[in-house]
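Accompanying notes for the structure given below.
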Amino acid sequence: MRRTRPLAAQSSRDRRNDDRGVTLIVVMTVMAVVLLLGTTLASSSIFHLPMAVQQNEREQALEAAQSGIADFTSYLNNDANYWHDTAAMNANPAFTQWVKVPGDPNDESFRYHVDSSTIAQGYLTLEASGCASPNFSATTCTSGVVRTVQVQLKPEGFTDYVYFTNNELANPATTPGTTCHPYLAWQANGVNNGIASDEYGPTGNCSQELGTWGTGTVFDGPVHTNDAFRFCGNPEFTGEVDSYFANAPSGSAPDATAGLGGSRQSYLQGWVNNKFQRSNCGTTSTPIFKAGPIAAGYNLPMPATNADLASLVNKAQGGADGCLFSGYTALSLYYVGSQGYISYSSPYTDFGGSSWNGSVCGMPSSGTTGTIKIPASGLVVYVQAATTATTTSSAAKSCLNAPQVGQGPDQCGGDVTIGDAPVGATNQFPVALRAASNVTAPPSPPAGATGGLAGQLTVASADGIQIDNNLEYRTAPPQPSGAPSGGSVSTDMLGLIAQNDIMLDHDPTNVSNPCGWSDTTSTQDFCENPVIDGALLSIQGAFYVQNWGSGGVLGNVTFNGSLALDYSGITGTAYSDGTLISGFNEKFEYDPRLAFSSPPYFLSPSTTYWVQRRWTELPACATPGTGC
């Protein structure tokens, strides 16, 4: 039998010798991998280093361009007229060469160019270039990176808000018995937890002066007041709401030291509740703030006058941007296709004088009536007072002898009546006014015309403006969200600027024609739910409804755009719970285009701040404004 011999067991020394060999191989392999990885990482770092440097330089160049924007904006905020001060701009080297960014440790620089051709639309266009270079040079961006941006700069103004007031009070000039101005709405006696007593003002009961917002009023857009709001019911605010009152330093307006029972400090205790409920409200006021509570805002003061607009249209003073009328003037708007027209009647204007701009406005077709074609670039219409200096002596004498009708226009003052042309109607402004003043009606629109505005137009009055029909655009303005209405983007834009009040025509004593028109068919909708497209500004007055306390409930007056007033005005009366008794509730719909542009030469606050609105990066250009 064959026998086998078992192998001898391996000694521990032998096993250790074998382990050493394996370990050596593993170590050498790991070292090779680490060496290869380090070489790869080093190569990658060397490869990406120029890319990182270039990206850093691009960021620095963009920062330099932004510094240029900030530099030009600072000039504007120090002097709102800087953009057309030729001597001042010629002294600014940034318009012609590279300027080093102040305080920057790197050699970053900027230069810029301003385009003021868009100022009629309310904004400036600025191109700014930034340079990131290892060596600063005023003449060239040596071995550097250039980036160029374009922005719109717009003064913060009235058209930034769907509703703006200087005083949340009724206009003392048109509200009987008001004696409490200049005290503001927040200056009430007996303020307790935000509930304001009717004991408003220095003495007596001045509550009839207080503006009060009730249930049914909707503000769809940003809102601002230089005063404070008061509520009786549940008005709705969908946009941001701010007030200078919450930001004003103590003593900046009359307070308890001027004889008032309450003070700004005591009223602030109620501010946190965002209610400001009238004590006689008879209901719980819970205004709806969908974009957050009322915030502190800037004081944006009204300009003193709109008279500067007259020089833009006075041919004798070199004005070439519109038409200058004198005395009471009636305007009627219509369009044919996409072309807009204004038909007018202005009995006290001297059309043969040196101030009338016939090349832009044409000549009357018959006596003192005619039609103006609205240019593609837009138009400004200004109505000044009729005096012996602004019109013929016979016309001035006729004007002085003409009576004023109720709350309507003064024949000699620079008053305007305006509305969409009621196509098919014989008379295109209030019958009572025509009968009292013997003013000839504006020409009727031609066949195929539609009442409304096509184009861009600003109408300014040295006195007041009376709206006697709807004012609607050919293409409806976009919704507050920015979405076009009806699928089309509107280019139509209207501005109304009154030195004093803006009045909505309403005569409930005339049963068949409560709005004053002879054509009841075309005015029925206007009487019940008038629509006003445009930006409205009353410098020393308010917007109010004629005979607001008479007649029945007429629904809503809808503003599609912006309403800026010195005083809050009155559009109707209501019960203590906010329910409407007569007149209108108000519905405010913001036109978002107004955040970026304005009707031709629309006015801004007397003190304002220029802000950046639209930002676009352009192809790099070392000489901005040339297109490179």
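Looking at segment 64-75, I want the residues that are under 11 Å from VAL99 (Cα atoms) and have a partner that is part of a helix (DSSP H, G or I) with Cβ atoms under 9 Å, at least 6 apart or on another chain. Which pairs are those?
GLY68/ALA94; ASP71/ALA94
Look at segment 453-471 and say how many of its residues are closer than 17 Å to TYR341 by Cβ, touching a Leu at 6+ places or on another chain (Cβ under 6 Å) and modelled with pLDDT under 95.
Residues that pass the stated criteria total 0.
Out of segment 154-174, which residues are closer than 15 Å to GLU240 by Cβ, assigned to a loop (DSSP other than H, G, I, E, B) and open to solvent by less than 10 Å² (accessible area, probe 1.4 Å)?
VAL162
Exactly one of these conditions fails for SER597: (1) within 21 Å of PRO287 (Cα to Cα); (2) modelled with pLDDT under 90. Give me its number.
Every condition holds for SER597 apart from (1).
What is the residue count in segment 86-115 for residues that are under 31 Å from the mean Cα position of the chain (by Cα) and either aliphatic (A, V, I, L, M) or surrounded by 13 or more Cβ atoms within 10 Å (Cβ to Cβ) (or both)?
Number satisfying all stated conditions: 12.
Can you list residue pairs whose Cβ atoms sit under 9 Å apart, with the first residue in segment 120-136 being closer than 13 Å to PHE72 by Cα and the second being in a helix (DSSP H, G or I) and open to solvent by 10 Å² or more (accessible area, probe 1.4 Å)? Count only pairs 6 or more apart in sequence or on different chains.
Pairs that qualify, where the first residue is closer than 13 Å to PHE72 by Cα and the partner is in a helix (DSSP H, G or I) and open to solvent by 10 Å² or more (accessible area, probe 1.4 Å), are LEU124/TRP83; LEU126/THR73; ALA128/GLN66; ALA128/SER67; ALA128/ASP71.
Of the conditions (1) modelled with pLDDT under 85; (2) in contact with a Phe, Trp or Tyr (Cβ under 9 Å, 6 or more places away or on another chain), GLU586 fails just one. Which one is it?
For GLU586, the exception is condition (1).
For residues that are at pLDDT 60 or above and in a loop (DSSP other than H, G, I, E, B), tally how many sit in segment 205-262.
18
Can you work out which of the residues in segment 537-551 that are among the hydroxyl-bearing types (Ser, Thr, Tyr) and surrounded by 24 or more Cβ atoms within 10 Å (Cβ to Cβ) is nearest to TYR382 (Cα to Cα)? Steps first, answer last, please.
Just the residues of segment 537-551 that are among the hydroxyl-bearing types (Ser, Thr, Tyr), to begin with: 538, 544, 550.
Cutting the leftovers down to surrounded by 24 or more Cβ atoms within 10 Å (Cβ to Cβ) gives us 538, 544.
Details: SER538: 14, TYR544: 22 Å.
This residue is SER538.
Give the residue, chosen from LEU554, LEU594, that is closer than 24 Å to GLU168 by Cα, aliphatic (A, V, I, L, M), crowded, with 17+ Cβ neighbours inside 10 Å and within 20 Å of the chain's Cα centre (by Cα).
None of the other options fit; the residue is LEU594.
For residues in segment 269-328 being modelled with pLDDT under 65 and under 29 Å from the mean Cα position of the chain (by Cα), which is least open to solvent (accessible area, probe 1.4 Å)? First the steps, then the outcome.
Applying the first criterion (modelled with pLDDT under 65) to segment 269-328 yields 269-283.
Narrowing the set further to residues that are under 29 Å from the mean Cα position of the chain (by Cα) leaves 271-277.
Numbers: TRP271: 25, VAL272: 110, ASN273: 66, ASN274: 22, LYS275: 76, PHE276: 0, GLN277: 29 Å².
Only one residue tops the list, namely PHE276.
What pairs come up if the first residue lies in segment 608-628 and is farther than 23 Å from GLU156 by Cα, the second is assigned to a loop (DSSP other than H, G, I, E, B) and open to solvent by 60 Å² or more (accessible area, probe 1.4 Å), and their beta carbons are under 6 Å apart, counting only those six or more places apart or on different chains?
Within 6 Å, the pairs are CYS621/CYS628.
Let me confirm something: among LEU594, LEU603, which residue is in a helix (DSSP H, G or I), touching a residue at least 40 places away in the same chain (Cβ under 8 Å), farther than 15 Å from LEU471 by Cα and in contact with a helix residue (DSSP H, G or I) (Cβ under 8 Å, 6 or more places away or on another chain)?
On inspection, the qualifying residue turns out to be LEU594.
Considering each residue of segment 90-111, count those that are in contact (Cβ under 8 Å) with a residue 12 or more places away in the chain and either in a helix (DSSP H, G or I) or polar (S, T, N, Q) (or both), and give that number.
8
For SER398, state whether it is modelled with pLDDT of 65 or more, open to solvent by 10 Å² or more (accessible area, probe 1.4 Å) and either among the basic types (Lys, Arg) or out of contact with any Gly (no Cβ under 6 Å at 6 or more places or on another chain) (or both). Reasoning before the result, please.
Details: modelled with pLDDT of 65 or more: yes; open to solvent by 10 Å² or more (accessible area, probe 1.4 Å): yes; either among the basic types (Lys, Arg) or out of contact with any Gly (no Cβ under 6 Å at 6 or more places or on another chain) (or both): yes.
Criteria met by SER398.
For ASN547, are the conditions met, namely being more than 29 Å from GLY297 (Cα to Cα) and either touching a residue at least 12 places away in the same chain (Cβ under 8 Å) or aromatic (Phe, Trp, Tyr) (or both)?
yes
Residue-wise test of (1) charged (D, E, K, R); (2) over 14 Å from GLY414 (Cα atoms); (3) without any contact (Cβ under 8 Å) to a residue 60 or more places away in the chain; (4) surrounded by 24 or more Cβ atoms within 10 Å (Cβ to Cβ).
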{"site": "SER346", "(1), (2), (3), (4)": "no, no, yes, yes"}
{"site": "SER359", "(1), (2), (3), (4)": "no, yes, yes, no"}
{"site": "THR368", "(1), (2), (3), (4)": "no, yes, no, no"}
{"site": "ILE374", "(1), (2), (3), (4)": "no, yes, no, no"}
{"site": "VAL380", "(1), (2), (3), (4)": "no, yes, no, yes"}
{"site": "ALA386", "(1), (2), (3), (4)": "no, no, no, yes"}
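To keep it simple, each residue is scored yes or no on (1) open to solvent by 50 Å² or more (accessible area, probe 1.4 Å); (2) modelled with pLDDT of 85 or more; (3) on the phi < 0 side of the Ramachandran plot; (4) outside any strand (DSSP E or B).
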residue	(1), (2), (3), (4)
LEU37	yes, no, yes, yes
SER45	yes, no, yes, yes
GLN54	yes, no, yes, yes
ARG58	yes, yes, yes, yes
GLU63	yes, yes, yes, yes
ILE69	no, yes, yes, yes
THR73	no, yes, yes, yes
LEU126	no, yes, yes, no
SER137	no, yes, yes, yes
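For segment 101-122, which positions are modelled with pLDDT under 90 and at negative phi?
PRO102, ASP104, PRO105, ASN106, ASP107, SER117, THR118, ILE119, ALA120, GLN121, listed by residue number.
Checking THR369 against (1) modelled with pLDDT under 95; (2) within 27 Å of the chain's Cα centre (by Cα), only one condition comes out false. Which one?
Here THR369 meets the rest and fails (2).
The values are calculated or read from the model by the stated rules, or taken from the named source; none is laboratory data. Nothing here was measured: the structure is a model prediction, and the numbers come from that model. Positions of Cβ are backbone-derived with ideal geometry, glycine not excepted, and every protein chain shown enters the neighbour counts. The area values use the complete protein model at the heavy-atom level, side chains included, leaving out ligands, DNA and RNA. Shrake-Rupley method; radii C 1.70, N 1.55, O 1.52, S 1.80 Å.
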